[in-house]
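The values are calculated or read from the model by the stated rules, or taken from the named source; none is laboratory data. A quick note: this is a predicted structure, and the numbers were derived from the prediction, not measured. Here Cβ is always computed from backbone atoms with ideal geometry, including for glycine, and neighbour counts include all displayed protein chains.
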Amino acid sequence: MADSTFIKELLLERRSHVLDALAETPDANERTFIDQVIVSRGGRPGNLLGILQVVQNHNPRSYLSLETLRYIADKTETQLSQLFSVATFYAFFNLEPQGENTVCICRGTACHTRGSRELLESLLLELGLGQQEDLSGGSADKLALTTPDGRFTVRTVACFGQCALAPVVEINHSICGHVNEHTLQRQLRELEREIK
């Protein structure tokens, strides 16, 4: 229960940042790129997922703004509510700017029992995104927090499907198994050195 309260407080705190990000309008170059993606993927089954993924990957901050979603909805003649539903259902779509580096912690049963909550607590403390007592108890489903400097985004997922490697952490799309606080801190230090 404490996790849900903590997450709600963080979401409210960051609401203005999210609203600003969602309101970002695609410029002429971005609209041209989106038009080309829609034309190249038009008429294919499941084309909406592919369009959203390519457009998100093209964005330097790896996210889909509300105005971008509106533009895609208009151009594909898809209801905005349907597009928003797709973008919020799949965990790989982001509706707010992401950090330069992404650290994603699995919160599945195997990872939870092997210490993923402690890894999450440690990581949030290390990056200045939360305090240990804020995450005591429960799970932290659908957590996505970005450091104020935009260097790191911390996310959680329900399960990576790599239970034999628990606890599992994905760092910049690379799966790491049997992670402990020491190895996670070492990975963070390496990322920080690369950024400088």
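Which of the numbered conditions does PHE160 fail, given that it passes all the others? Conditions: (1) farther than 30 Å from PHE33 by Cβ; (2) in a loop (DSSP other than H, G, I, E, B); (3) without any contact (Cβ under 8 Å) to a residue 12 or more places away in the chain.
(3)
Considering only residues that are closer than 12 Å to VAL169 by Cβ and not polar (S, T, N, Q), look in the range 76-107 and name the one that is surrounded by the fewest Cβ atoms within 10 Å (Cβ to Cβ).
Ranking the candidates gives CYS104 first.
Within the range 13-24, is even one residue farther than 16 Å from PHE93 by Cβ, modelled with pLDDT of 55 or more and under 17 Å from the mean Cα position of the chain (by Cα)? Don't jump to the end; show me each part of the working.
Just the residues of the range 13-24 that are farther than 16 Å from PHE93 by Cβ, to begin with: 13-17, 19-20, 23.
Narrowing further to those that are modelled with pLDDT of 55 or more: 13-14.
So of that shortlist, the ones also under 17 Å from the mean Cα position of the chain (by Cα) come out as 14.
Yes, the range 13-24 contains a residue that is farther than 16 Å from PHE93 by Cβ, modelled with pLDDT of 55 or more and under 17 Å from the mean Cα position of the chain (by Cα).
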